[in-house]
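See below for the structure under consideration.
The values are calculated or read from the model by the stated rules, or taken from the named source; none is laboratory data. Not measured: the values here are computed from a predicted model. So basically every Cβ, Gly included, is an ideal-geometry build from the backbone, and we count neighbours across all protein chains shown.
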Amino acid sequence: MKIEIYSDIVCPWCYIGKRRLESALELFEHRSEVEIEWKSFELAPERPATLPGTHSSYFAKSRGIPEAQVKGMERQAADLASVENIEMRFDVLKMFNTRNAHQLLHFAKEIGLQGELEERLFRATFTEGRQLGDVDELVSVAVEAGLPESESREALASQRYRAEVINDELEAHERGASGVPFYVFDGKLTVSGAQSREVFLRALQSTWKDANQMAAEDAMQTGSCGPDGCAI
């Protein structure tokens, strides 16, 4: 079974959703046969590489709502994150453009370290408050996740994964995603938002059941012969 996850590393719900899906997988008996692929979705592709100021001030200005209201939303998200054992610190969260981070995630997929990098980027953003719009800081975090430094720098300098990032985003919209996180189970079942562990578990079980039922039906329809004769 394959799960494709469209997300952005500055999305708190993507981090929370990651933990809830992981909790569901712990209860799923076929978890060893589940493959996860992280897909790009930039929430603010026009954003400068780095931005000064706090998350609350930026969000209040961009959405046109009082900063006090934003701080309340931040506290709510942080409280929900803590239930999932995530320390989410909006007081240190930096604002930045995430395209380079997405490009490194595509490079990480090629070398089998995408899951490690995704987790490290989330923690660096929401818990440590690192400015990942800075290339040196981003590469430093990538190296901490196991990526080779020189190849990571070359991937960013050449921008060779830019097309993959954009293609992911076009694909997401074609699949009906208007925001993130957005999950696609085996290319068919879609789930939007940071759903509960129970919702994810039902999605896993349903997808597994459907896939195996289809395989059984295909096997029945396939021409074959055995000791008792041939299936017509």
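Things to note:
- Qualifying residue in the range 67-80 (condition: within 27 Å of residue 174 (Cα to Cα) and not hydroxyl-bearing (Ser, Thr, Tyr)): no
- For the range 81-102, the count of residues that are surrounded by fewer than 18 Cβ atoms within 10 Å (Cβ to Cβ), free of Cβ contacts under 8 Å to residues at least 24 places away in the same chain and over 17 Å from residue 161 (Cβ atoms) is at least one.
- Where a residue in the range 112-132 is without any contact (Cβ under 8 Å) to a residue 60 or more places away in the chain and its partner, wherever it lies, is among the aliphatic types (A, V, I, L, M) and outside any loop (DSSP other than H, G, I, E, B), with Cβ under 6 Å and at least six apart: 117/105; 117/108; 120/141; 124/141; 130/124
- Qualifying residue in the range 177-196 (condition: assigned to a helix (DSSP H, G or I) and either farther than 16 Å from residue 11 by Cα or touching a strand residue (DSSP E or B) at 6+ places or on another chain (Cβ under 6 Å) (or both)): no
Conditions tested, residue by residue: (1) charged (D, E, K, R); (2) in contact (Cβ under 8 Å) with a residue 12 or more places away in the chain; (3) assigned to a helix (DSSP H, G or I); (4) under 25 Å from residue 128 (Cβ atoms).
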site: 4; (1), (2), (3), (4): yes, yes, no, no
site: 9; (1), (2), (3), (4): no, yes, no, yes
site: 13; (1), (2), (3), (4): no, yes, yes, yes
site: 18; (1), (2), (3), (4): yes, yes, yes, yes
site: 24; (1), (2), (3), (4): no, yes, yes, no
site: 38; (1), (2), (3), (4): no, yes, no, yes
site: 44; (1), (2), (3), (4): no, yes, no, yes
site: 76; (1), (2), (3), (4): no, no, yes, yes
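- All positions within the range 123-159 that are among the polar types (S, T, N, Q) and assigned to a helix (DSSP H, G or I): 125, 140, 150, 152, 158
The rows are residues; the columns are (1) under 17 Å from residue 126 (Cβ atoms); (2) at pLDDT 95 or above; (3) of a type outside the set (Ser, Thr, Tyr).
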position: 27; (1), (2), (3): no, yes, yes
position: 31; (1), (2), (3): no, yes, yes
position: 39; (1), (2), (3): no, yes, yes
position: 49; (1), (2), (3): no, yes, yes
position: 56; (1), (2), (3): yes, no, no
position: 63; (1), (2), (3): no, no, yes
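- Residue match in the range 126-149 (condition: surrounded by fewer than 18 Cβ atoms within 10 Å (Cβ to Cβ), hydrophobic (A, V, I, L, M, F, W, C) and closer than 26 Å to residue 59 by Cα): yes
- In the range 10-48, the residues that are over 22 Å from residue 198 (Cα atoms), out of contact with any His (no Cβ under 8 Å at 6 or more places or on another chain), of a type outside the set (Phe, Trp, Tyr) and surrounded by 14 or more Cβ atoms within 10 Å (Cβ to Cβ): 10, 39, 43, 44, 45, 47
- The single residue among 65, 86 that is part of a loop (DSSP other than H, G, I, E, B) and under 24 Å from residue 22 (Cβ atoms) turns out to be 86.
- For residue 201, the conditions (1) surrounded by 15 or more Cβ atoms within 10 Å (Cβ to Cβ); (2) under 25 Å from residue 46 (Cβ atoms) are fulfilled apart from (2).
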